[in-house]
Amino acid sequence: MAEGWACYATDLIAEAGGLTELELLNHRRSRVRMCARAIVDVELHNQRMTLDEAAEFYHESSGMAVCVLSLI
């Protein structure tokens, strides 16, 4: 819920011309990452995606860095 309000407030500021080009770019990239997280969340929950596939999806769809985690 907090992300939704933050996005709404940022959209209002952007519409009023209150964001620099760099801030606007960052806002758009954040939206792409949020969408990727929502997709992965549903796919993992429904067991249609593995953690490795999720990491690859993040990297391919939103440019997120791929981290390798080892669980002991």
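Rule-based calculations on the coordinates, nothing more; no lab input. In this text the structure is predicted, and so the values were computed from the model without any measurement.
Semi-axes of the equivalent ellipsoid for the chain, please: Cα gyration tensor eigenvalues, times 5, square-rooted, ordered largest first, whole Å.
29, 14, 9
Using θ = phi - 60° and the Karplus curve 6.51 cos²θ - 1.76 cosθ + 1.60, what whole-Hz ³J(HN,Hα) does each residue of the stretch 5-12 get, with Gly and Pro shown as x?
5, 5, 5, 4, 5, 5, 4, 4
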